[in-house]
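Chemist: One structure, pasted below without further comment.
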């Protein structure tokens, strides 16, 4: 068995999503879901209730007036928003950890993930696009594979770091050369095991190589790719190799990104990022 095959085989041993997040995912995929179903699921998880109400009253997610109950949050924010908050709440605890091998401090991945998720939400608004609801989740989870490799599987990252620095290449390229796989493929494998929507799995798998995504409609993959670029403009990076990445010009063309939009979206992101991250700190 190759090292790549061994790593991908071990993905199924990773801890699963919190029960509340898994249940919310099932509700999101059920067209018959009712407000009471969402309310009941959230209320079983005290941590999710706390984060839901704090985020529901934040400038980014909020409606301008105080929200004091789970039911009120669901009614006023809508299920899409509540699901986004549930996923953010589920991911935050693991994204706050120090990620060995990527020179990422505590909370470094959380900031980068949140910035990317915000960017893929603001970009379509600035471009007057309609996109699937799962786009935010794809942005939030795009670098999950780094947690898997660095923290859960404890892959020896020293050769990867050395190659990246010596050859001035991205960690993704160094991962491929050393491990035969990379954090994008590993993250996608875990999300597929968790049974997340295929659109999320695909966006995570190809967010560093959108042109290689083997389908004509590359919208969500392009958004996550460009959204991560915006996150770097905002000063966040999920490793110290941020300068070794460049944005895919074809992605910009497919999304019809006009001049100055990236800087405007970066400003949008920065207006919300600190508040979102502070809630989980």
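Chemist: Against the definition (modelled with pLDDT under 85, surrounded by 15 or more Cβ atoms within 10 Å (Cβ to Cβ), assigned to a helix (DSSP H, G or I) and in contact with a helix residue (DSSP H, G or I) (Cβ under 6 Å, 6 or more places away or on another chain)), how does residue 25 come out, yes or no? Steps first, answer last, please.
Modeler: Working: modelled with pLDDT under 85: yes; surrounded by 15 or more Cβ atoms within 10 Å (Cβ to Cβ): yes; assigned to a helix (DSSP H, G or I): yes; in contact with a helix residue (DSSP H, G or I) (Cβ under 6 Å, 6 or more places away or on another chain): no.
Criteria not met by residue 25.
Chemist: Right, something else. Can you tell me how many residues in the stretch 243-261 are at pLDDT 95 or above and part of a helix (DSSP H, G or I)?
Modeler: Result for the stretch 243-261: 8.
Chemist: When the stretch 43-57 is examined, which residues are found to be surrounded by fewer than 22 Cβ atoms within 10 Å (Cβ to Cβ), free of Cβ contacts under 8 Å to residues at least 60 places away in the same chain and assigned to a helix (DSSP H, G or I)? Let's see the steps before the verdict.
Modeler: Within the stretch 43-57, the subset surrounded by fewer than 22 Cβ atoms within 10 Å (Cβ to Cβ) is 43-47, 49-51, 53-54, 57.
With free of Cβ contacts under 8 Å to residues at least 60 places away in the same chain added as a condition, the list becomes 43-47, 49-50, 53, 57.
Of everything in the stretch 43-57, those that are surrounded by fewer than 22 Cβ atoms within 10 Å (Cβ to Cβ), free of Cβ contacts under 8 Å to residues at least 60 places away in the same chain and assigned to a helix (DSSP H, G or I) turn out to be 43, 46, 47, 49, 50, 53.
Chemist: Could you tell me which of the residues 19, 50, 15, 41 is closer than 24 Å to residue 197 by Cα and modelled with pLDDT of 85 or more?
Modeler: Numbers: 19 fails: modelled with pLDDT of 85 or more; 50 fails: closer than 24 Å to residue 197 by Cα; 15 fails: modelled with pLDDT of 85 or more.
Exactly one residue qualifies, and that residue is 41.
Chemist: Within the stretch 202-241, how many residues are closer than 19 Å to residue 127 by Cβ, assigned to a loop (DSSP other than H, G, I, E, B) and within 13 Å of the chain's Cα centre (by Cα)?
Modeler: Within the stretch 202-241, residues that are closer than 19 Å to residue 127 by Cβ, assigned to a loop (DSSP other than H, G, I, E, B) and within 13 Å of the chain's Cα centre (by Cα) number 1.
The values are calculated or read from the model by the stated rules, or taken from the named source; none is laboratory data. Values in this document were obtained by computation on a predicted structure and should not be read as measured data. A quick note on method: Cβ atoms are made from the backbone with ideal geometry, for glycine too, and the neighbour counts reach across all protein chains shown.
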